[in-house]
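No lab work stands behind these numbers, since they all come straight from the coordinates. Treat the numbers as computed from the prediction; the structure is a model and nothing was measured. Note that we place each Cβ from the backbone using ideal geometry, even for glycine, and neighbour counts take in every protein chain shown.
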Amino acid sequence: MNNGKSRVSVFENAYLTIESLFFGYFGFFLINSLSMAILDGRALAKAIRQELADQVSVLAAEQKRSPHLAAVLVGDDPASQAYVRNKVRSCEKVGFQSTLIRKPGTISQAELMAIVQQLNADDSIDGFIVQLPLPKHLDDTEITLAIDPAKDVDGFHPVNIGRMAQGLPCYIPATPLGIMEMLKRYNIDTQGKEVVVVGRSNIVGTPMSILLSRKGNPGNATVTMCHSRTQDLAAHVRRADIVVAAIGRPAFITADMIKPGAVVIDVGINRVDAPETDKGYKLIGDVDYKVIAPQARWITPVPGGVGQLTVVSLLMNTLRAYRKEVYP
């Protein structure tokens with residue numbers, strides 16, 4: 001009798017083991033295949049623009065002026081021209097005032113510094129940016145340091161970076177601010193999560209590592225920042241619950257580097273040849289989207305992801321400057 005019960009127990013355990021493996025494997029596959037979702041930056045940017053436009057309407061009803069953003073564009077870099085043009089267009093959509101100051105690439109450092117000082121002193125302008133990169137003969141660090149932190153809506157001044165690091169009110173750089181807004185509005189849990197930021201630029205990588213490790217929501221994550229000198233980068237990325245790719249290399253992050261169910265934030269916008277298209281090129285991110293998307297829980301597309309939020313985040317900073325929320 002005991003031998004019979006033992007044999008039944010063995011068969012039952014074997015069946016349960018096979019059943020567990022079968023449903024565990026295929027259940028995992030189905031969950032990750034069916035639950036992958038797009039972090040739609042285009043739709044989110046549209047919603048935020050509407051919120052900003054509604055606030056401008058309130059100001060108009062109160063007979064108050066609208067926020068005013070100025071941009072300084074030096075030279076004829078096509079990418080910079082397109083970006084600034086997008087900023088001006090976005091201001092028009094939400095009802096902000098905008099001023100575009102164009103200067104030739106031959107402008108001197110002293111002339112550009114004088115423009116910065118004029119904008120600092122102009123009370124009708126709430127915030128302004130000097131579009132980067134600048135021509136090589138100009139010192140962009142000196143220009144950044146000359147901008148009044150209270151008008152530094154790009155969030156690049158060391159005063160704002162320092163305040164951000166300490167969790168004080170500040171202007172957060174536009175792309176990281178957009179990512180944080182995306183994580184918050186899509187209810188992406190970052191508490192205690194392993195986050196790997198690939199890239200250490202002062203514009204994206206470094207601010208993201210600070211923001212996600214701070215107390216708050218989003219935040220409270222365990223953050224690793226990787227870069228070109230990181231050894232065995234793939235091993236670091238592979239353990240991440242959330243990956244922020246901002247390295248500026250097309251399709252650098254491959255499928256074998258992403259664990260199933262991870263959240264993938266692709267900051268890269270890389271122009272690559274595509275003879276089959278009308279333009280002869282296409283834009284792709286730092287992530288190999290087609291192969292990674294099926295195994296990710298959430299992922300941003302390129303285009304249509306993070307890039308859509310960069311300009312709208314600049315407008316959010318401008319509204320804060322108008323209201324003197326950071327520097328009363």
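Would you list which aspartates and glutamates come within 19 Å of Lys184, measuring only between C-alpha atoms, while excluding same-chain residues fewer than 8 positions from it?
The reachable aspartates and glutamates, counting only those whose Cα sits under 19 Å from Lys184, are Asp40, Glu51, Glu194, Asp241, Asp266.
Which value, in debye to the nearest 20, describes the size of the charge dipole of segment 154-244 about its Cα centre when Lys and Arg Cβ atoms bear +1, Asp and Glu Cβ atoms bear -1, and nothing else is charged?
Dipole of segment 154-244, to the nearest 20 debye: 120 debye.
May I ask you to sort Leu168, Leu69 by Cβ crowding, counting other Cβ atoms within 10 Å and putting the fewest first?
Sorted ascending by nearby Cβ count, the order is Leu168, Leu69.
Structure shown: which of Lys215/Lys259; Lys93/Lys259; Lys46/Lys324 lie over 29 Å apart, alpha-carbon to alpha-carbon?
Lys93/Lys259
Only four residue types carry charge here, +1 at the Cβ of Lys and Arg and -1 at the Cβ of Asp and Glu. Report the dipole size of segment 63-151 about the Cα centre in Debye, rounded to the nearest 20.
The calculated dipole for segment 63-151 is roughly 460 debye.
The chain: longest stretch without exposed GluC sites (Glu not before Pro) (DSSP loop, at most 13 other Cβ within 10 Å), sites themselves excluded?
63-275
Determine the gain in length on full extension of the stretch Arg85-Asn202; use 0.36 nm per residue of separation and subtract their C-alpha separation, reporting nm with one decimal.
Between Arg85 and Asn202, full extension yields an extra 39.8 nm.
As an exercise, take the mean of 1/r over every pair of distinct alpha carbons in the chain, invert it, and state the Kirkwood radius in angstroms.
21.9 Å
For segment 173-307, just list the percent of Cα-Cα distances falling in each 10 Å bin from zero outward, please.
All Cα pairs, binned at 10 Å, distribute as 13, 47, 32, 7, 1 percent.
Which ³J(HN,Hα) values in Hz, rounded to whole numbers, follow from the phi angles of segment 307-319 under the Karplus curve 6.51 cos²θ - 1.76 cosθ + 1.60, where θ = phi - 60° and Gly and Pro get x?
Couplings: x, 5, 8, 5, 5, 5, 5, 4, 5, 4, 5, 5, 5 Hz.
List the trypsin sites (Lys or Arg not before Pro) within segment 294-328 that fall in a DSSP loop (any state other than H, G, I, E or B) and whose Cβ has at most 14 other Cβ atoms within 10 Å.
Arg323, Lys324
Sequence-distant or interchain residues sharing an amide H contact under 5 Å with Val153, placed H: which?
When sequence neighbours closer than 5 places are left aside, the close amide H contacts are Phe128.
Which percent, to the nearest 5, of DSSP beta bridges fully inside segment 173-307 are antiparallel?
The antiparallel fraction comes to roughly 20 percent.
Run the numbers for Lys103 and Arg239: contour at 0.36 nm per residue of separation, minus the present Cα-Cα distance, in nm.
44.3 nm
For Ala114 and Lys282 in one chain, what is 0.36 nm times their gap in residues minus the Cα-Cα distance, to one decimal in nm?
Separation in residues times 0.36 nm, less the Cα-Cα distance, equals 56.6 nm.
Short version: ³J(HN,Hα) in whole Hz for each residue of segment 249-256, in order, from phi by Karplus 6.51 cos²θ - 1.76 cosθ + 1.60 (θ = phi - 60°), x for Gly and Pro, what are they?
Result, rounded to whole Hz: 10, x, 6, 5, 7, 9, 4, 5.
Using the charge dipole of segment 228-328 (Lys, Arg: +1 at Cβ; Asp, Glu: -1 at Cβ; taken about the Cα centre), state which of Ala235, Val267, Phe252 has its Cα farthest towards the positive end.
In segment 228-328, that residue is Val267.
Taking the alpha-carbon centroid of each part, what is the distance from segment 57-102 to segment 213-258 in angstrom?
Comparing the Cα centres of segment 57-102 and segment 213-258, I get a distance of 33 Å.
Going by alpha carbons, how many degrees (0 to 90, nearest 10) lie between the helix axis of 174-185 and the longest principal axis of the chain?
Value to nearest ten degrees: 40.
Percent antiparallel among DSSP beta bridges with both residues in the chain, to the nearest 5?
In the chain, DSSP labels about 10 percent of beta bridges as antiparallel.
Say each of Asp140 and Ala61 gets a label point 7 Å from the Cα, pointing the same way as Cα to Cβ; how far apart are those two points in nm?
4.2 nm
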